[in-house]
Amino acid sequence: MSMKKLKEALEAGEFTITAECGPPKGTDIAEMLEHAKHLLGKINAINVTDNQSAVVRIGSLPVCRLLSEMGHDPIFQLTCRDRNRLAIQSDLMGAHILGIRNVLCMTGDHVSAGDHKTAKPVYDLESVQLLQTVAALNGGHDLAGNEMKGATNLYQGAVVTPEANPLEPQMLKFEKKVKAGANFFQTQAIYDMDNFRRFMDRARKHKVKVLAGILLLKNAGMANFLNKFVPGITVPQELIDRLKAAGKEGALECGMDIAAEQVRTIKEQGIADGAHVMAIGLENKVPEILKRAGIA
Amino acid sequence: MIVSKAKERQDVINMLEGVKSVFLLGCSECASLCGTGSPEALAEMKESLEGIGKKVTGTFVAKTGCQVLGTKVELKANKDEVDAADAILVMSCGAGTQSMVEVFKDKKVYPANDTAFLGNMTRFQHFDERCSMCGECIIDKTGGICPVTTCPKGILNGPCGGTNNGFCEVSPDIECAWAKIYARMERTGELEKMRQIIPPKDYSKKMSPKVFVIEKKKEEK
């Protein structure tokens, strides 16, 4: 089945599905490509993470290009942790000439979270300024105002945490990101649909597309871990109980059911413009989740 | 003030390998408040070095160690003690240490402390970093709280996704700078200001080495 690309799908008002690909540490990419192949024709676009969790891996950009050659519409995740404004702009232009058309602008997890804790974090820019940078390059000028020979044409997105506590400063930043040129948002994982609806009521006041972050729960232990250690993610007790009741054998199936129900609810009730399904290493399960959600 | 921390004693001893006699110099300003260059700290260092067979030719606490000329004048009274020493061990910040490097051209000068940061003493001998001397103060836009310094990512436009019930994902000991900024600007009625996007910083203002000369006003000339 041929799928519309990200921008096309969102602008057409179609319920849009994105998934995620995390490049490995090391040069053996066979498994990563195999997972990506499973997703062909099932999703509109695929995010490629940028040294996620500040752990060194293959760069996002070359993997974007490989997935593009495979037939995917890649979303180039770009963080400000590892590059100054020179490197950021040159990577953005590089993305354009490699045929990449989507970029997700993020500040990036701090190096203290990763596997090179003694590294110097850069943060010359941050997410809002990165969005402004993309807008400048799309307009044919670099950040210093110099004219470029050929502008970029990048559809720019950003992230938001609907369950952030406190929420108000997060919403203020959300508005800044819109003002800085974000066309679409992919949210941090959400589980409480009422909370998410309240967030969307506010997000809908802006002319941006929002894809709800759906994170596959593999078992109750993972849910407890998220609640305890990951800021901005809250898994309700009810879901944890369901995963527990499913037992060791059935937990993953149950997690897939939960993810599928979430996607279905968001689509059927028109809560958001799409879903960003994060399976963290189990990308091969995404097609089945979408099938259970009544998509594809 | 400039916060300094005493180096591990063994590191100081290793530094002084081959040095038989030392002159100890402290500072009455920041290093005294930090307990790293006070008369007590010098006395303790003297005892410790003598305990391993070093000769301490003299000790002195400079009024303001980073003030090169003033310290040079002050030390005239200790000339013989300094001359008799193989090296000067400076118990102040890196600026005070380099004052000695400048004054005593042919003398070995070593640092006893690590210079940590520009700190506010918020409780007795408890220092918090609030300003990182970026050269371009923007805290009029951020409720008087510096995100360049107090947010580990130095984010200028609001909290990241790691904001965690008022704390930072980097460490549970760090308060989220942006949660604090928001709360304060709400109290001071400045939230509208927080909607403005703060542009990228001008890091040329932070480029080292810096020189600053206060120019005399015309009428004073």
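Of the numbered conditions (1) of a type outside the set (Ser, Thr, Tyr); (2) closer than 18 Å to B:Tyr182 by Cβ; (3) surrounded by fewer than 19 Cβ atoms within 10 Å (Cβ to Cβ); (4) within 14 Å of chain A (Cβ to nearest Cβ), B:Ile139 satisfies every one except a single condition; which is it?
Unmet condition: (4).
What number of residues within the range A:183-198 satisfy the criterion of being in contact (Cβ under 8 Å) with a residue 12 or more places away in the chain and part of a helix (DSSP H, G or I)?
Step one: filter the range A:183-198 for residues in contact (Cβ under 8 Å) with a residue 12 or more places away in the chain, giving A:183-193, A:195-197.
Narrowing further to those that are part of a helix (DSSP H, G or I): A:193, A:195-197.
Number of matching residues: 4.
Which ones in the range B:169-197 are assigned to a loop (DSSP other than H, G, I, E, B), out of contact with any Lys or Arg (no Cβ under 6 Å at 6 or more places or on another chain) and not small (Gly, Ala, Ser)?
As a first pass, look at the range B:169-197 and keep what is assigned to a loop (DSSP other than H, G, I, E, B): B:169-174, B:176, B:188-190, B:196-197.
If we keep only those that are out of contact with any Lys or Arg (no Cβ under 6 Å at 6 or more places or on another chain) too, we end up with B:169-174, B:176, B:188-190, B:196.
Matches in the range B:169-197: B:Glu169, B:Val170, B:Pro172, B:Asp173, B:Ile174, B:Cys176, B:Thr188, B:Glu190, B:Gln196.
Residues B:Gly35, B:Gly26, B:Gly58: which one is buried (at least 17 other Cβ atoms within 10 Å of the Cβ), within 21 Å of B:Val3 (Cβ to Cβ) and small (Gly, Ala, Ser)?
Numbers: B:Gly35 fails: buried (at least 17 other Cβ atoms within 10 Å of the Cβ); B:Gly58 fails: within 21 Å of B:Val3 (Cβ to Cβ).
Criteria check complete, one pass: B:Gly26.
Filter the helices (runs of 4 or more DSSP H) completely within the range A:1-88 down to those with at least 2 residues that are more than 27 Å from A:Arg204 (Cα to Cα) and charged (D, E, K, R).
In the range A:1-88, the matching helices (runs of 4 or more DSSP H) lie at A:30-39, A:60-70.
Please enumerate the residues belonging to the range A:215-233 that are surrounded by fewer than 16 Cβ atoms within 10 Å (Cβ to Cβ) and not hydrophobic (A, V, I, L, M, F, W, C).
The first filter runs over the range A:215-233 and keeps only residues surrounded by fewer than 16 Cβ atoms within 10 Å (Cβ to Cβ), leaving A:221, A:224-225, A:227-229.
A:Gly221, A:Asn224, A:Asn227, A:Lys228 - these are the residues of the range A:215-233 that are surrounded by fewer than 16 Cβ atoms within 10 Å (Cβ to Cβ) and not hydrophobic (A, V, I, L, M, F, W, C).
Please work out if A:Arg242 is more than 14 Å from chain B (Cβ to nearest Cβ), closer than 17 Å to A:Ala293 by Cα and either among the basic types (Lys, Arg) or surrounded by fewer than 20 Cβ atoms within 10 Å (Cβ to Cβ) (or both).
On the way: more than 14 Å from chain B (Cβ to nearest Cβ): yes; closer than 17 Å to A:Ala293 by Cα: no; either among the basic types (Lys, Arg) or surrounded by fewer than 20 Cβ atoms within 10 Å (Cβ to Cβ) (or both): yes.
It is false that A:Arg242 is more than 14 Å from chain B (Cβ to nearest Cβ), closer than 17 Å to A:Ala293 by Cα and either among the basic types (Lys, Arg) or surrounded by fewer than 20 Cβ atoms within 10 Å (Cβ to Cβ) (or both).
What number of residues in the range B:38-55 are under 20 Å from the mean Cα position of the chain (by Cα) and surrounded by fewer than 20 Cβ atoms within 10 Å (Cβ to Cβ)?
We begin by selecting, within the range B:38-55, every residue under 20 Å from the mean Cα position of the chain (by Cα); these are B:38-42.
Then drop every residue that is not surrounded by fewer than 20 Cβ atoms within 10 Å (Cβ to Cβ), which leaves B:38-40.
Final tally of qualifying residues: 3.
Go through the residues of the range A:252-262 one by one and say whether even a single one is at negative phi, out of contact with any helix residue (DSSP H, G or I) (no Cβ under 7 Å at 6 or more places or on another chain) and crowded, with 20+ Cβ neighbours inside 10 Å.
Narrowing the range A:252-262 to residues at negative phi: A:252-262.
With out of contact with any helix residue (DSSP H, G or I) (no Cβ under 7 Å at 6 or more places or on another chain) added as a condition, the list becomes A:252-253, A:261-262.
Applying the additional criterion that residues be crowded, with 20+ Cβ neighbours inside 10 Å yields A:262.
Within the range A:252-262, one or more residues are at negative phi, out of contact with any helix residue (DSSP H, G or I) (no Cβ under 7 Å at 6 or more places or on another chain) and crowded, with 20+ Cβ neighbours inside 10 Å.
I need a count of the residues in the range A:228-251 that are out of contact with any Phe, Trp or Tyr (no Cβ under 9 Å at 6 or more places or on another chain) and either among the β-branched types (Val, Ile, Thr) or at positive phi (or both). Break it down into steps so the answer makes sense when it comes.
As a first pass, look at the range A:228-251 and keep what is out of contact with any Phe, Trp or Tyr (no Cβ under 9 Å at 6 or more places or on another chain): A:228-230, A:232, A:237-238, A:240-251.
So of that shortlist, the ones also either among the β-branched types (Val, Ile, Thr) or at positive phi (or both) come out as A:230, A:232, A:240, A:247.
So the count comes out to 4.
Out of B:Ile214, B:Ile145, which single residue is part of a loop (DSSP other than H, G, I, E, B) and within 14 Å of another protein chain (Cβ to nearest Cβ)?
On the way: B:Ile214 fails: within 14 Å of another protein chain (Cβ to nearest Cβ).
Testing whether each residue is part of a loop (DSSP other than H, G, I, E, B) and within 14 Å of another protein chain (Cβ to nearest Cβ) leaves just B:Ile145.
Restricting to the range A:105-137, what's the tally of residues that are part of a helix (DSSP H, G or I) and either in contact with a Phe, Trp or Tyr (Cβ under 6 Å, 6 or more places away or on another chain) or within 17 Å of A:Arg57 (Cβ to Cβ) (or both)?
Taking the range A:105-137 as the starting set, the residues that turn out to be part of a helix (DSSP H, G or I) are A:111-113, A:127-137.
The next check asks that each one be either in contact with a Phe, Trp or Tyr (Cβ under 6 Å, 6 or more places away or on another chain) or within 17 Å of A:Arg57 (Cβ to Cβ) (or both); those that pass are A:111, A:113.
Here the count works out to 2.
Every number in this text was worked out from the coordinates using simple rules, so none of it is lab data. Being a predicted model, the structure only gives us computed values, none of them experimental. Positions of Cβ are generated from backbone atoms using ideal geometry, with glycine treated the same way; all protein chains shown enter the neighbour counts.
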